[in-house]
Each structure stands twice: as C-alpha cells, then as structure tokens.
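> Have a look at the structure that comes next, please.
The values are calculated or read from the model by the stated rules, or taken from the named source; none is laboratory data. Because the structure is predicted, anything quoted here is derived from the model rather than measured. Cβ sites come from the backbone with ideal geometry, for glycine too, and all protein chains shown count toward neighbours. The protein model used for the area step is the full one, side chains on, heavy atoms only, and it has no ligands, DNA or RNA in it. Shrake-Rupley method; radii C 1.70, N 1.55, O 1.52, S 1.80 Å.
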Amino acid sequence: CALPISLKPISQSKAIEYPKPDGKLTFDLLTNHSRSGTSHNADQPAHLKVLDRQKAKDVNLDIYGGPEGKYCPAQVYEWVEKDGKKELVINAQNCLHCKACDIKDPTQNINWTVPEGGGGPNYNAA
C-alpha cells in the first residue's frame with residue numbers, strides 16, 4: 001500500500017508538548033467524553049477492528065511512532081508494554097464515533113463499523 005505523504009516518520013518529527021487542560025477552553029478526556037453523551041452497551045461486539053496487528057506494529061509504531069494514539073481525540077488506541085513488547089490496546093468504550101481512525105490510519109488498517117444499537121454522540125455543552 002502507498003504510505004501517506006503528509007505523515008512524517010517519527011525519526012523526522014519533534015514531540016509536541018501540549019499544556020494541561022485549563023477547564024475553561026480546554027478540558028480533560030473524561031470531561032470531554034462525558035459531554036459527548038456517547039455510550040456503548042458493555043456486551044456489544046467490537047466496532048473497531050485492526051485488520052493486521054503485525055502491520056500496525058511494523059508500520060504505525062516502528063515507522064510513525066503510533067499515530068493512532070495521537071489522532072484519536074478519545075485516546076481509544078494506546079501502545080502498552082506487555083511481556084517486553086509493545087501491544088496495541090483498543091479502548092472501544094471511549095470511542096466518540098468520529099471515524100478519525102478509519103480516515104487517518106496510514107495503512108488503512110483500522111476498520112470502523114457502525115456500533116450495534118446505533119449509539120453515538122449526543123453532545124451536551126452544559
């Protein structure tokens with residue numbers, strides 16, 4: 001597959017230090033998720049699927065530094081250390097259904113499907 005032109009390898013990039021949420025203009029993950037009103041049934045089938053986990057490691061993690069952990073606004077994707085190796089963990093319950101993973105994954109290796117029950121965001125700014 002053709003790799004994206006706009007995404008630079010991690011070796012050519014600088015880490016960005018973001019300020020902590022201020023509670024006025026920017027908010028923490030739990031506050032943002034709560035305001036989205038998104039809910040998932042605990043027993044529903046996973047609606048996010050990584051098609052090839054080895055490709056996710058070899059390309060996304062090793063070349064690009066795990067971009068799914070950065071482009072996902074709900075921190076659904078995280079690379080964790082397990083038995084001395086990095087493993088991609090999907091926290092589907094955090095998903096806001098924005099489809100960023102389906103659109104921005106450099107290898108189009110994440111398949112987003114409509115969650116069972118048609119759940120989705122029900123934003124509330126109050």
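> Return the residues of segment 3-18 that are open to solvent by 100 Å² or more (accessible area, probe 1.4 Å) and either within 25 Å of residue 29 (Cα to Cα) or at pLDDT below 85 (or both); say none if nothing qualifies. First the steps, then the outcome.
Applying the first criterion (open to solvent by 100 Å² or more (accessible area, probe 1.4 Å)) to segment 3-18 yields 5-6, 8, 11-12, 14, 16-18.
Residues satisfying the conditions are 5, 6, 14, 16, 17, 18.
> Take the residues in segment 26-35 that are within 18 Å of the chain's Cα centre (by Cα) and in a loop (DSSP other than H, G, I, E, B), then tell me which one is farthest from residue 74 (Cα to Cα).
27
> Next question, about the same structure. Can you say whether residue 32 is touching a helix residue (DSSP H, G or I) at 6+ places or on another chain (Cβ under 8 Å) and on the phi < 0 side of the Ramachandran plot, as far as the supplied structure shows?
Details: touching a helix residue (DSSP H, G or I) at 6+ places or on another chain (Cβ under 8 Å): no; on the phi < 0 side of the Ramachandran plot: yes.
Judged against the criteria, residue 32 is not a match.
> Restricting attention to segment 52-75, which residues are touching a residue at least 12 places away in the same chain (Cβ under 8 Å) and over 19 Å from residue 98 (Cα atoms)? Spell out how you get there, then give the answer.
First pass over segment 52-75, keeping only residues touching a residue at least 12 places away in the same chain (Cβ under 8 Å): 52-53, 55-57, 59-61, 63-68, 71-75.
Passing the criteria: 52, 53, 55, 56, 57, 59, 60, 61, 63, 64, 65.
> Then there is this: Here's a check for you: in segment 36-54, which residue that is surrounded by 15 or more Cβ atoms within 10 Å (Cβ to Cβ) and not hydrophobic (A, V, I, L, M, F, W, C) is nearest to the chain's Cα centre (by Cα)? Give the steps one after another, and end with the answer.
Looking only at segment 36-54, we keep the residues that are surrounded by 15 or more Cβ atoms within 10 Å (Cβ to Cβ), and these are 36, 38, 40, 47-48, 50.
The next check asks that each one be not hydrophobic (A, V, I, L, M, F, W, C); those that pass are 36, 38, 40, 47.
Working: 36: 16, 38: 15, 40: 16, 47: 13 Å.
Result: 47.
> Return yes when residue 106 is over 15 Å from residue 7 (Cα atoms) and either in contact with a strand residue (DSSP E or B) (Cβ under 7 Å, 6 or more places away or on another chain) or assigned to a loop (DSSP other than H, G, I, E, B) (or both) and no when it is not. So that I can check it myself, show each step before the final result.
Numbers: over 15 Å from residue 7 (Cα atoms): no; either in contact with a strand residue (DSSP E or B) (Cβ under 7 Å, 6 or more places away or on another chain) or assigned to a loop (DSSP other than H, G, I, E, B) (or both): yes.
In short, no.
> Cβ-Cβ below 9 Å, separation at least six or inter-chain, first residue in segment 103-115 and in contact (Cβ under 8 Å) with a residue 12 or more places away in the chain and within 21 Å of residue 63 (Cβ to Cβ), second of a type in the set (Asp, Glu) and surrounded by fewer than 18 Cβ atoms within 10 Å (Cβ to Cβ): which pairs?
What qualifies is 107/52; 108/102; 109/52; 110/102; 111/102.
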